[in-house]
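> The structure follows.
The values are calculated or read from the model by the stated rules, or taken from the named source; none is laboratory data. Keep in mind it's a predicted model, so treat the numbers as computed, not measured. Heads up, the Cβs are rebuilt from the backbone with ideal geometry, glycines too, and the neighbour counts pull from every protein chain shown. Heads up: the accessible areas ignore ligands, DNA and RNA and are worked out on the full protein's heavy atoms, side chains in. Shrake-Rupley method; radii C 1.70, N 1.55, O 1.52, S 1.80 Å.
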Amino acid sequence: MGIQTSVSYNPSAAIEGQVDGSGSPEARSYAAGVDITNGRLVVTGAADGRCRLPTAAGDITGGTALGISRYRATSMVNWPAGQTVPYPQGVTVPVVRRGPVWVKVEEAVAPGDAVFVRHASGAGGTALGAFRKSADTATAAQLPGAVYLDTAAANGRARVDLNRP
């Protein structure tokens with residue numbers, strides 16, 4: 001076991017996929033159809049019912065979005081050799097369906113900004129299911145009923161409030 005030799009005086013505001021502690025988020029679990037990182041939008045898979053990352057604008061706008069993959073510290077403890085994501089294909093993914101959750105943003109955002117989610121690689125980023133505030137030349141689509149709650153710089157962290165009326 002290693003020994004901690006340093007302490008950050010500038011920790012991140014939060015971890016991607018971390019639930020905001022101010023309420024009771026609605027969450028469900030799904031089997032991963034692909035490797036999934038915490039803090040990404042996941043959508044309904046094909047007939048097998050597994051969740052996956054969005055690969056088309058309709059995955060985000062067409063009602064198949066399930067929510068944001070949740071950070072769970074226990075999923076990252078004692079990773080098997082070669083595992084590079086918190087939720088490899090086939091494991092259970094906790095997904096926040098309603099309420100505020102922290103995400104990493106590709107570009108600066110402000111409270112009330114619309115939430116866009118990446119479904120294809122573009123000039124602003126390549127991670128499917130990642131968050132931003134613009135369409136990035138049609139490689140991201142707006143997530144209905146979601147807004148940012150915080151100000152964050154590009155590559156910073158902000159809370160997304162899901163499924164607002």
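> Thr5 accessible area, nearest 10 Å², 1.4 Å probe?
130
> Of His119, Ser134, Pro94, which is farthest on the positive side of the dipole of the stretch 79-151, counting Cα position, with +1 on Lys and Arg Cβ, -1 on Asp and Glu Cβ, and the Cα centre as origin?
Pro94
> So, R0 is 30 Å and r is the distance between the beta-carbons of Ala153 and Ala73; what FRET efficiency does that work out to, to 0.05?
Step by step, r from the Cβ atoms, then E = 0.70.
> Okay, moving on. Would you kindly find the accessible area of Val91, with a 1.4 Å probe and non-protein molecules such as ligands, DNA and RNA excluded, rounding to the nearest 10 Å²?
50
> How big is the stretch 89-163 by Rg and Dmax over its Cα atoms, in Å?
12.0, 36
> Can you give me the solvent accessible area of Ser121 with a 1.4 Å probe, rounded to the nearest 10 Å²?
Surface accessible to solvent at Ser121 totals approximately 80 Å².
> Here's a follow-up. With a 1.4 Å probe and all protein chains in place, put Val101, Val85 in order of accessible area, largest first.
Val85, Val101
> Next question, about the same structure. Which order do Ile3, Ile15 take by accessible area at a 1.4 Å probe, largest first?
If we order Ile3, Ile15 from most to least accessible, we get Ile3, Ile15.
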